[in-house]
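In what follows, a single structure is set out as structure tokens and then discussed.
The values are calculated or read from the model by the stated rules, or taken from the named source; none is laboratory data. Keep in mind that this is a model prediction, so the values were computed, not measured. All Cβ positions, even for glycine, are placed from backbone atoms using ideal geometry, and neighbour counts span all protein chains on display.
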Amino acid sequence: MLDKEKLYASWKKEEEIAYIKGWDFSHIADRYVEEDSLPWDFKLLIKNYLTDQMSLLDMETGGGEFLLELNHPYAKTSAIEGYKPNVEFCKNKLLPMGIDFKEADGADILPFDDKQFDIVTNRHGDYNVSELKRVLKANGIFFTQQVGAENDWELIKLLQPEIKEVAYPNQYLKYRKKELEENAFEILECGETFQPIKFFDVGALVWFARIIEWEFIDFEVDKYLDNLYKAQEILERDGVIQGSIHRFYIVARKF
């Protein structure tokens, strides 16, 4: 028998504290598992091409976590981020290091000169192909790892069954690859995968859904309480609530 009052109180608390700086999911680290061992290593892909002499731009850098893992010379490194809480975080963290950080969204006109970069990286962010062409040098390389259209789709349908269509229907490798090819890019490498994501606590799923607001649109505990109780029943029956992540990557060279 579900203790609905206790569950409700715990879920409301998760809803209230759903906030992150950068891209830090440590709050639910021991309460869910996302298969992050993809068939490719995005960081290694970049490092196979990147040298210390190259100029690098990281688009939609979040809190700069992935960018700093590349360990590229700071004087040769630029980054953009448009999400307001992360912008201030990056200003305080990246600018003192000597990284050329600017506030911008990936789909914006990029605040950089023509043919400025040898490498542009984009991990789970938006981008404008015409702007990529403009800021990349001749033979410059674009690396992107993207969240696909069907990411978390089973979880969305569980909590918000009225949502009938994916939010970003063009987020498949075949469409993004074609877009680059039609805009004078040569595809060097690419791949696509679907892998499991598992929750062992409905409260963690509530926190997750509030953070990933572009997938779980207008999600609120009070609005979807009956579906959360159904999720709790699934958890108690199966020991896990499972969905899948959708990822793809492209490495493309500008002609």
Checklist line | Test: residue in the stretch 9-30 that is touching a strand residue (DSSP E or B) at 6+ places or on another chain (Cβ under 8 Å) and among the basic types (Lys, Arg) | finding: no
Check: How many residues are free of Cβ contacts under 8 Å to residues at least 60 places away in the same chain, surrounded by 14 or more Cβ atoms within 10 Å (Cβ to Cβ) and assigned to a helix (DSSP H, G or I) when one looks only at the stretch 44-73?
Finding: 4
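Residue-by-condition table, conditions (1) closer than 22 Å to residue 136 by Cα; (2) of a type in the set (D, E, K, R); (3) out of contact with any Ser or Thr (no Cβ under 9 Å at 6 or more places or on another chain); (4) without any contact (Cβ under 8 Å) to a residue 60 or more places away in the chain:
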residue: 153; (1), (2), (3), (4): no, no, no, no
residue: 157; (1), (2), (3), (4): no, yes, yes, yes
residue: 162; (1), (2), (3), (4): no, yes, yes, yes
residue: 167; (1), (2), (3), (4): no, no, yes, yes
residue: 170; (1), (2), (3), (4): no, no, yes, yes
residue: 174; (1), (2), (3), (4): no, yes, yes, yes
residue: 177; (1), (2), (3), (4): yes, yes, yes, no
residue: 184; (1), (2), (3), (4): yes, no, yes, no
residue: 187; (1), (2), (3), (4): yes, no, yes, no
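Yes/no matrix, rows are residues, columns are (1) part of a strand (DSSP E or B); (2) within 18 Å of the chain's Cα centre (by Cα); (3) β-branched (Val, Ile, Thr); (4) within 28 Å of residue 26 (Cβ to Cβ):
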position	(1), (2), (3), (4)
145	yes, yes, no, yes
163	no, no, yes, no
194	yes, yes, no, yes
197	yes, yes, yes, yes
222	no, no, no, yes
Margin query: For a quick check of your reading of the model, give me the residue pairs whose first member lies in the stretch 125-136 and is without any contact (Cβ under 8 Å) to a residue 60 or more places away in the chain, whose second is surrounded by 18 or more Cβ atoms within 10 Å (Cβ to Cβ), with beta-carbon atoms closer than 8 Å and at least 6 apart or on different chains.
Written below: 128/106; 128/110; 129/180; 129/185; 131/110; 134/110
Checklist line | Filtered residues of the stretch 13-30 (kept if crowded, with 16+ Cβ neighbours inside 10 Å and modelled with pLDDT of 90 or more) | finding: 14, 15, 18, 27, 28
Note to self: Being assigned to a helix (DSSP H, G or I) and modelled with pLDDT of 95 or more is true for just one of 187, 156, 109. Which residue is that?
What the structure shows: 156
Notebook entry, point to check: Among (1) surrounded by fewer than 18 Cβ atoms within 10 Å (Cβ to Cβ); (2) over 24 Å from residue 173 (Cα atoms); (3) not hydroxyl-bearing (Ser, Thr, Tyr), where does residue 124 come up short?
Noted result: (2)
